[in-house]
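Asks: Below: one structure in structure tokens.
The values are calculated or read from the model by the stated rules, or taken from the named source; none is laboratory data. These numbers were taken from a predicted model, which means no experiment stands behind them. Cβ placement follows ideal geometry from the backbone for every residue including glycine, while neighbour counts extend to all protein chains displayed.
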Amino acid sequence: MVTLLDHRNILAWVKVPEDLKDPEVFQVQTCLLEAIFGREGCRIPYIEQVSKVMLKLKALESPDFTKVVVYGSYIYKLQAKWMLQSIAEWHCQRQERGMLKLEEAMNALELGPWMK
């Protein structure tokens with residue numbers, strides 16, 4: 001899959017055209033985007049610089065998921081994909097733990113038989 005990009009938008013550490021061939025692609029729950037990339041994607045430039053990759057987010061037909069496309073040299077794009085997937089998984093687990101704690105708190109607040 002080769003995506004045509006404007007050369008002005010390509011970051012300095014991405015080699016054209018070899019790093020634009022065969023990007024790593026994965027999906028992330030849309031509700032996790034802000035947790036991973038910051039409000040309005042403010043962390044994307046930092047992640048790109050540290051990881052030496054170029055990231056593109058693409059909306060899918062389903063509003064529940066967003067496609068993340070990672071361009072760069074083979075090893076850097078694999079590392080970035082692994083890191084971003086790990087962060088997404090961590091946030092999912094954190095949300096699940098929060099829901100379990102909420103459920104436990106709600107159960108603890110239920111009225112005992114003596115108060116009914």
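Asks: Just to be sure, is ALA80 touching a strand residue (DSSP E or B) at 6+ places or on another chain (Cβ under 8 Å), closer than 29 Å to VAL14 by Cβ, loosely packed, with under 11 Cβ neighbours inside 10 Å and of a type in the set (A, V, I, L, M)?
Replies: Numbers: touching a strand residue (DSSP E or B) at 6+ places or on another chain (Cβ under 8 Å): yes; closer than 29 Å to VAL14 by Cβ: yes; loosely packed, with under 11 Cβ neighbours inside 10 Å: no; of a type in the set (A, V, I, L, M): yes.
For ALA80, the condition - touching a strand residue (DSSP E or B) at 6+ places or on another chain (Cβ under 8 Å), closer than 29 Å to VAL14 by Cβ, loosely packed, with under 11 Cβ neighbours inside 10 Å and of a type in the set (A, V, I, L, M) - is not met.
Asks: Can you name every residue in the range 66-91 that is among the aliphatic types (A, V, I, L, M) and part of a helix (DSSP H, G or I)?
Replies: Across the range 66-91, the qualifying residues are ILE75, LEU78, ALA80, MET83, LEU84, ILE87, ALA88.
Asks: Condition check: in a helix (DSSP H, G or I) and either out of contact with any Gly (no Cβ under 6 Å at 6 or more places or on another chain) or at pLDDT 80 or above (or both). Does LEU11 satisfy that?
Replies: In short, no.
Asks: Taking the criterion of being buried (at least 16 other Cβ atoms within 10 Å of the Cβ) and assigned to a strand (DSSP E or B), would at least one residue in the range 16-27 satisfy it?
Replies: Yes, because at least one residue in the range 16-27 is buried (at least 16 other Cβ atoms within 10 Å of the Cβ) and assigned to a strand (DSSP E or B).
Asks: Going through the range 47-65 one residue at a time, which ones are among the charged types (D, E, K, R), closer than 23 Å to CYS31 by Cα and not in a strand (DSSP E or B)?
Replies: Across the range 47-65, the qualifying residues are GLU48, GLU61, ASP64.
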